[in-house]
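**Q** Got a structure here, written out as structure tokens. Questions coming.
The values are calculated or read from the model by the stated rules, or taken from the named source; none is laboratory data. Note that the coordinates shown come from a computational prediction; the quantities given were computed from them, not determined experimentally. Quick reminder, even Gly has a Cβ in these numbers, built from the backbone with ideal geometry, and neighbours come from all protein chains shown. The protein model used for the area step is the full one, side chains on, heavy atoms only, and it has no ligands, DNA or RNA in it. Shrake-Rupley method; radii C 1.70, N 1.55, O 1.52, S 1.80 Å.
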Amino acid sequence: MKQAFNGLGMHPGNLWRLSDARTRSISAENPTGAKGGGAMSDAHPNSPARELGKGWKCSPCAMVGPGETYTVADIEGPGAIQSMWFAGYVGRDFILRIYWDDLEFPSVETPLPDFFGLPWVTGDMFSTKGPYVHLNSLMVAVNPNKALNCFWEMPFRGRCRITIENRMPAGSAPQMCFYQINYTLTDVPEDAAYFHAQFRRTNPVPYMVPYTILDGVRGRGQYVGTSMGWGINNSGWWGEGEIKFYLDGDGEYPTICGTGTEDYFGGAFNWEVDGSYREYSTAYAGMHQVLRPDGLYQSQHRHAMYRWHVVDPIRFESDLTVTIQALGWRGEGRYYPGQHDICSVAYWYQTLPATPFPALPGRDETEVV
């Protein structure tokens, strides 16, 4: 007997298919996602809805205080997250975490903007140290004004818990968190793996030491994406370094080896067009941001890039390590191992339980200066 469609893996070719999957959504206006549970907040006496009353945009966002961890969503499965949207404060003091099936450690742990490919944007929607940048891809989109959108599908069986931690110091003002978590409650197939994302930063990268995007992964799964921020600490071209994927017991040498940094992110020849870096943002690859020196305090080039392995996932059976070299040019046609400010988010699916992540860098170590 043909199995009923479970409503997962949506695309233009199956939108006409009916399913018993139930659509739900969590926001500040319906914090539990309950059926018929939206727009039930009372209007605060000082709110813009004070004359309109219940049902008239009484609770559009959460205020997350310094040192507070706010539960964005707590969902009993089985089901799948199908999209997420965040706005308001988008700086690195907001830490996004996702926990699957009552595990005590997160499977997603990253500063909020970095998860969405924005390593150089800090501060709130009114005060930032990095300009707005548009990221236009299938899996992640950043739209005016710093609206963060995610379309990674994330199936789970038992439970999904999503939190935001505010790492601002005591005495700081609470920050606005607008959010919408769209999900479905449905059967999840046995071969569905769990979504993971991990942030790292090294500033500066030690001389002649490759930057580690991901290591310590144990289990079966597939690597599906990389977003990176790269702050340049020397003159000249800096992106000759190769990315390497060490799979399933690889030793000194990897199974997959790239040819250069810009090549991995879908570009070529320094991204140079008419004597300047040329930004681009496409479905699966981009170098969507260049922060250029201004001749005063902004003294370094900074770049943001992404590569989604959606049609070409990198499958592993037991373990995975991913590294990339910081490599530029020095005199006499020789390579120069750079010492740059590099950060990244690695995205992958794998079986549970996963290996706990390394400790997230502290607030000073993640700050963009």
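**Q** Please quote Rg/Rh for region 277-369 to two decimal places, taking the Kirkwood radius as Rh and restricting both calculations to Cα atoms.
**A** A ratio of 1.01.
**Q** Could I ask something else about it? Give a quick list of trypsin sites (Lys or Arg not before Pro) in region 1-99 that DSSP marks as loop, anything other than H, G, I, E or B, with at most 13 other Cβ atoms within 10 Å. Display every interim value, and only then the final one.
**A** Working: sites: LYS2, ARG17, ARG22, ARG24, LYS35, ARG50, LYS54, LYS57, ARG92, ARG97; in loops: LYS2, ARG17, LYS35, ARG50, LYS54, LYS57, ARG92.
Filter output for region 1-99: LYS2, ARG17, LYS35, ARG50, LYS54, LYS57.
**Q** Follow-up. Just how large is the dipole of region 165-248 about the Cα centre, in debye to the nearest 20, putting +1 at every Lys and Arg Cβ and -1 at every Asp and Glu Cβ?
**A** The calculated dipole for region 165-248 is roughly 360 debye.
**Q** To the nearest 20 Debye, how big is the dipole of the chain about its Cα centre, given +1 on the beta carbon of each Lys and Arg and -1 on that of each Asp and Glu?
**A** For this selection, approximately 820 debye.
**Q** I've got another one for you. Under the 0.36 nm per residue contour assumption, what length would be gained going from the current alpha-carbon distance of SER172 and LEU352 to full extension? Mind showing how you got there, number by number?
**A** Details: separation 180, 0.36 × 180 = 64.80 nm, distance 3.76 nm.
Length difference between fully extended and current span is 61.0 nm.
**Q** Would you tally the net charge around ILE243, using a Cβ to Cβ cut-off of less than 15 Å, leaving ILE243 out, and scoring K and R as +1, D and E as -1?
**A** -4
**Q** Quick check for me: using +1 on Lys/Arg Cβ and -1 on Asp/Glu Cβ, what's the dipole size of region 313-369 about its Cα centre, in debye to the nearest 20?
**A** Roughly 180 debye, rounded to the nearest 20.
**Q** Take each of the peptides 182-189, 282-289, average the number of other beta-carbon atoms within 10 Å over its residues, and list them starting from the highest. Write down the numbers at each step before the final one.
**A** Numbers: 182-189: 18.4, 282-289: 20.1.
Order by mean packing, descending: 282-289, 182-189.
**Q** Using a 1.4 Å probe over the heavy atoms of the protein chains, calculate the carbon and sulfur portion of the accessible area of the chain as a whole percent.
**A** 52
**Q** What would the Debye formula give as log10 I(q)/I(0) at q = 0.10 Å⁻¹ for the alpha-carbon point model of the chain, no solvent?
**A** Computed log10 I(q)/I(0) values: -0.66.
**Q** Oh, and also: Cα gyration tensor of region 44-141, axes a ≥ b ≥ c as square roots of the eigenvalues: rounded (a/c below 1.5), prolate (a/b > b/c) or oblate?
**A** Verdict is oblate for region 44-141.
**Q** Out of the trypsin sites (Lys or Arg not before Pro) in region 251-320, which ones are loop residues according to DSSP with at most 15 other C-beta atoms within 10 Å?
**A** Qualifying residues, ordered by number: ARG278.
**Q** Hey, what's the Cα Rg ratio for region 313-357 versus the globular rule of thumb, 2.2 N^0.38 Å? Kindly include the intermediate steps, with their values, before the conclusion.
**A** Working: Rg = 16.3 Å, N = 45, 2.2 N^0.38 = 9.3 Å.
Cα-based Rg divided by the globular estimate yields 1.75.
**Q** Three principal axis extents, largest first, for the C-alpha atoms of region 160-319, in Å?
**A** Each principal axis gives a Cα extent; for region 160-319 these are 55, 50, 31 Å.
**Q** When a/c is below 1.5 the answer is rounded, else prolate if a/b is larger than b/c, else oblate, so apply that to region 47-90 with a ≥ b ≥ c taken from the square roots of the Cα gyration tensor eigenvalues.
**A** It comes out oblate by the Cα gyration axes.
**Q** Restricting attention to region 199-269, which chymotrypsin sites (Phe, Trp or Tyr not before Pro) occupy a DSSP loop and are surrounded by at most 14 other Cβ atoms within 10 Å?
**A** For chymotrypsin sites (Phe, Trp or Tyr not before Pro) across region 199-269 that sit outside H, G, I, E and B with at most 14 neighbouring Cβ atoms in 10 Å, the list reads TYR207.
**Q** Using a 7 Å offset from the Cα along the Cα-to-Cβ direction at both GLU332 and VAL188, what is the distance between the two label points in nm, to one decimal?
**A** Inter-label distance under the simple model: 5.8 nm.
**Q** Could you state the principal axis extents of the C-alpha atoms in region 74-232, from the largest down, to the nearest angstrom?
**A** In descending order, the Cα extents are 44, 42, 34 Å.
**Q** Next question, about the same structure. Residue by residue through region 97-110, which ³J(HN,Hα) values in whole Hz follow from phi under the Karplus form 6.51 cos²θ - 1.76 cosθ + 1.60 (θ = phi - 60°), with glycine and proline marked x?
**A** My calculation for region 97-110 gives 9, 10, 10, 10, 6, 6, 5, 7, 10, x, 9, 10, 8, 6 Hz in order.
**Q** Here's another thing I want to ask about it. List the aspartates and glutamates whose Cα lies under 18 Å from the Cα of LYS244, skipping any in the same chain that are fewer than 8 positions away.
**A** ASP215, GLU252, GLU262, ASP263, ASP312, GLU317, ASP319
**Q** What length, rounded to one decimal in nm, is gained on full extension from ASP102 through to HIS134, with 0.36 nm per residue of separation minus their alpha-carbon distance?
**A** Between ASP102 and HIS134, full extension yields 8.0 nm more.
**Q** Shifting gears a bit: Grab the eigenvalues of the alpha-carbon gyration tensor for region 139-210, scale each by 5, take roots, and send me the semi-axes largest first in whole angstrom. List each step's numbers first, then the result.
**A** On the way: eigenvalues 165, 105, 44 Å².
Working from the Cα gyration tensor, I get semi-axes of 29, 23, 15 Å.
**Q** In addition: Using alpha carbon coordinates only, what is the Rg to Rh ratio of region 16-71, with Rh defined as the Kirkwood radius? Let's see the in-between values first.
**A** Numbers: Rg = 14.9 Å, Rh = 13.3 Å.
Value, to two decimals: 1.12.
**Q** Oh, and also: Could you tell me which residue out of THR32, GLN350, TYR297 lies farthest along the dipole of the chain toward its positive end? Charges go on the beta carbon: Lys and Arg +1, Asp and Glu -1, centred on the Cα centre.
**A** Sorting the options by dipole projection puts first THR32.
**Q** Another question about this same structure. Could you report the chain's accessible area per residue, 1.4 Å probe, as an integer in Å²?
**A** 47
**Q** Just how far, in whole angstrom, is region 37-95 from region 162-190 if you go by their alpha carbon centroids?
**A** 9
**Q** So, how do all the Cα-to-Cα distances of region 272-316 break down into 5 Å bins, in percent, from 0 on up?
**A** Cα pair-distance distribution for region 272-316, in percent: 6, 18, 19, 20, 15, 9, 8, 4, 2, 0.
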